[in-house]
Amino acid sequence: MTSFLDLLAVPPTLLALGEPTHGESAFLQIRNEILISLSERGYRSIALESDRAAGLIADEFVQGSAAVTLDRALAEGFSHGFGAAPANRDLLLRMREWNAGRPAAERLTFHGFDAPLEIDSVPSPRRYLVQVCGFLGTDRSAEIDDLVGDESRWSGTAAIWEPGRSIGRTADAQRLRVIADDLLTELYLQAPRRPDGWPAAVVRAAAALAVLRYHAAAAAPLAQEERIARLVGVRGALMAENLLAIRAVEAHRGPTLVFAHNQHLRRDSSTMTMAGTELSWFSAGAIVGSLLGDRYAVIAGSLGASPALGIDAPGPSTYEGKLQQESPLPRYVRASEVEHAEQRTHDYRYFPLDQATIEHADLVLHIPTGTGPAMLADRILRLPGVEQLVASEENGSPEGSWGDRFFFVGPDRRQPFATIVEHDVPGFDESSQLDRPGAFRLNLDLGRAEFERLFGFPPKDFAQHRHTFDFARLDTLMPHPAYALHGFASIVMPGPQLLPEIDRLLTIAHARAADRHERATRRRSTGHPAR
């Protein structure tokens, strides 16, 4: 792909990379590559559409803390279920690896920039207030518990959708806002005495204020349509406040990459239909962009097809359809160079490109297709003479392998040259963690010569090198964790940017299988071993 920084008129201090949908791993995988590339050019932080307070835990792992395991960082360091995405595991590991041995000025920092809430489900401020009190050495837990009361009266959806049942403007909520504000003041008063842990305490105090502000907005006596628009606008304002705070922290170290849905990052007003209501609001990007000017740059994400989400290829007259006529691989295009086209039909899975999105972006990153087992299988089946066996109950395959694909040349099906598997084999092959959402692995029989050329050692020496590989890493060609001794290599969830290399390796594996088939055919026809 073209170096996107070279396409920007002014080097930004906050570079926004958008995705048009959640759930297509290709955007996250390319995001990871982008971050490492940017870190070589002075970027020192990333901010994700995830709870900022939770992100403190993920950053502890990134900074090398022995107290936070990877599993805990994924479970507690992300909100909205994003910790389950395999690419977010890779993100944390790659950041931690980058940081190892580097001075503080060069280390990467992980941030969330969302408030600790969903649009229709918001907790109480209890946890954050208690954490701040703990840092300050002030015990106000009894008072806070008394004011918060039953957690369900805060977190239930009725507290958001029904103003009369919202707690946000009650005397208890008002008193809690005063406590949160007093604690924040006290943090600043105490800063000279206790700088260690102070930034994290301020983030938690801000989280307490954020949920209280949101609850107050939910209690506003407005018409339903107006109130919902107000709520999504308040969330955008809270996101913007966090982004500006993150930039204040990171300004002396270098620029920041921010990654989120396009709707949160666009410079113009965002729109969305919710509960039959057409909403319009200013997102975090619109707010931050108005304040930072050309120091804020936007790369709008565009998607062709997504096997994972069931999104078919776009029509040729749409923006996405025209973009992928130019190249089958991901690429960047200046927004000013995107031709006017039809808008793709919108559904809940995907927010298509439209003229407003393009006009208010600097660049467009178009990904023609995500990858998936079926998509890669179609690619393999285009090779000459290939037959596919899909493991199932009907053909007697073990239940744990149902759905796995095996590819052969010739009808004897003695040795596959490629397989696509979506399941761990307990006790035998679990290193790739294929039980994660959406995870799969492409395996290729490359033979001794190509295996040694790729990895620097022959298959027979794999045991000596096994410890150097993280077999759950995405987008990385590595020896097969179980069949490396036989010359097999594998890639977990290869992204679309790897398709040219996959095609090259498939050609090698297919040629080996075709040669075996030809020799076996000669043996059968002559009754003599082939020489």
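The values are calculated or read from the model by the stated rules, or taken from the named source; none is laboratory data. Being a predicted model, the structure only gives us computed values, none of them experimental. Reconstructed Cβ throughout: ideal geometry from the backbone, glycine too, with neighbour counts over all protein chains shown. To get the accessible areas, we keep the full protein, side chains included, count just its heavy atoms, and leave off ligands, DNA and RNA. Shrake-Rupley method; radii C 1.70, N 1.55, O 1.52, S 1.80 Å.
Figures for the structure shown
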read-out	value
Local electrostatic count at ILE287 - Lys and Arg +1, Asp and Glu -1, tallied over other residues with Cβ under 10 Å	0
Relative counts (whole %) of C-alpha pair distances in the range 426-531, using bins that are 5 Å wide	2, 12, 19, 20, 17, 13, 8, 5, 3, 1, 0
Environment charge at ARG344 (Cβ cut-off 12 Å; Lys +1, Arg +1, Asp -1, Glu -1)	-3
Solvent-accessible heavy-atom area per residue, rounded to whole Å², over the chain at 1.4 Å	44 Å²
Residues with amide H under 5 Å from that of GLU118, placed H, sequence gap 5 or more	none
Rule-of-thumb Rg ratio for the range 474-524 [Cα; 2.2 N^0.38 Å; N residues]	1.40
Surface/4 estimate of mean projected area, convex hull on alpha-carbon atoms of the range 1-62, nm²	5.3 nm²
Distance between modelled label sites at GLU387 and ALA9, nm, 7 Å Cα→Cβ extension	6.1 nm
Under the Karplus curve 6.51 cos²θ - 1.76 cosθ + 1.60, θ = phi - 60°, whole-Hz ³J(HN,Hα) for the range 99-107, x wherever Gly or Pro sits	6, 4, x, 8, x, 4, 5, 9, 7
Sum of side-chain charges, ALA54 neighbourhood, beta-carbon under 15 Å (Lys, Arg +1; Asp, Glu -1)	-4
Additional length obtainable on full extension of the chain from TYR348 to ASP503, 0.36 nm per residue less Cα span	52.5 nm
Along principal axes, Cα extents of the range 163-222, largest first, whole Å	44, 17, 13
For the range 259-379: rounded, prolate or oblate by the Cα gyration tensor [a/c cutoff 1.5]	prolate
Gyration tensor verdict on the chain (Cα atoms; rounded if a/c is under 1.5, prolate if a/b is larger than b/c, oblate otherwise)	prolate
Helix axis angle, 52-62 relative to the chain longest principal axis, alpha carbon, degrees	50 degrees
Full-stretch length increase - TYR188, GLU430 - with 0.36 nm per residue and alpha-carbon distance subtracted	82.2 nm
Integer Hz, Karplus 6.51/-1.76/1.60 couplings in order for the range 119-127, x for Gly and Pro	4, 10, 8, 9, x, 7, x, 3, 4
Burial order of peptide ranges 492-501, 206-215 (average beta-carbon count within 10 Å, highest first)	206-215, 492-501
Point-to-point label distance, ARG523-ARG414, nm (Cα→Cβ direction, 7 Å offset)	0.4 nm
For peptides 388-396, 287-295, sequence by mean Cβ density within 10 Å, most packed first	287-295, 388-396
Within the accessible area of the range 270-419 (1.4 Å probe), percent carbon and sulfur	51 percent
Residues ALA248 and HIS467, FRET efficiency given R0 of 45 Å [Cβ-Cβ distance, rounded to 0.05]	0.60
Point-to-point label distance, MET272-GLU162, nm (Cα→Cβ direction, 7 Å offset)	2.4 nm
Shape of the range 1-116, Cα gyration tensor, a/c cut at 1.5	oblate
Compactness of the range 115-256, expressed as Rg and Dmax over alpha-carbon positions, Å	15.9, 48
Relative packing of 40-52, 444-456, which averages over residues the other C-beta atoms within 10 Å, highest first	40-52, 444-456
Distance from the range 15-49 to the range 152-179 (C-alpha centre basis), Å	36 Å
